[in-house]
Amino acid sequence: MTQIANARTRFPFASDPSHGWLIVSLGELMAAGLSENDITPYSYRHPEGELLALEEDCDARTFLKVWEERLERPVELIDTSLYPNIRAWPAFGTKQEEVVQ
């Protein structure tokens with residue numbers, strides 16, 4: 001994979017009492033080669049549009065795997081309380097869940 005120029009290595013991680021989200025920009029998602037089709041509807045997009053909150057179980061892992069491969073080093077997650085109402089943001093993502101039988 002090609003490296004991402006001037007890519008950041010620290011990302012905010014927000015949570016509420018039952019779940020957490022990695023905060024990335026739409027541009028970073030695109031730079032990682034991902035789109036809304038790669039993200040489940042359990043993630044959110046800030047009402048003003050540029051920030052995404054990628055749910056921790058699937059979408060954040062998908063993003064971080066690609067991002068770290070392109071950076072060729074791990075990233076650091078920083079706990080933040082700057083985004084207290086993520087569940088009020090509009091849903092983002094159209095990837096269908098895989099049904100395990």
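Mind checking the log10 I(q)/I(0) for the chain at q = 0.15, 0.22 Å⁻¹? Debye, one equal scatterer per Cα, no solvent, two decimals. Normalising to I(0) and taking log10 leaves -0.57, -1.19. Residues in the range 86-92 carry Karplus couplings, in order, of 4, 5, 7, 6, x, 5, 9 Hz; the curve used is 6.51 cos²θ - 1.76 cosθ + 1.60 with θ = phi - 60°, and Gly or Pro positions show x. Taking the Cα centre of the chain as reference, the dipole from Cβ charges on Lys and Arg (+1) and Asp and Glu (-1) amounts to some 200 debye. Simple spin-label estimate for Gln96 and Ser18 gives 2.7 nm between the two label positions (7 Å along the Cα-to-Cβ direction from each Cα). Remark: relative contact order (the chain) = 39 percent; criterion is Cα-Cα distance under 8 angstrom and separation of 6 or more residues.
Amide H contacts of Tyr42: none lie under 5 Å away among residues 5 or more positions distant or on a separate chain (H built 1.01 Å from N in the peptide plane; Pro and chain starts excluded). Once you have a ≥ b ≥ c as the square roots of the Cα gyration tensor eigenvalues for the range 4-60, tell me rounded if a/c is under 1.5, and otherwise prolate or oblate according to whether a/b is larger than b/c. Here the range 4-60 falls in the prolate category. Exposed loop sites here are GluC sites (Glu not before Pro) in DSSP loop states with at most 13 other C-beta atoms within 10 Å. What is the longest stretch of the chain lacking them? The segment 1-47 is the longest one with no such site.
Across Thr62, Thr40, Thr80, mean-square fluctuation computed from a Gaussian network of the chain (C-alpha pairs under 10 Å connected) peaks at Thr80. One decimal place: the segment Asn85-Arg8 gains 25.3 nm when fully extended, by the rule 0.36 nm per residue minus the C-alpha distance.
Here, each number is a calculation from the coordinates, and none is a lab measurement. Small disclaimer: the values here were computed from a predicted structure and weren't measured. Please note: Cβ atoms are built from the backbone with ideal geometry, for glycine as well, and neighbour counts cover all protein chains shown.
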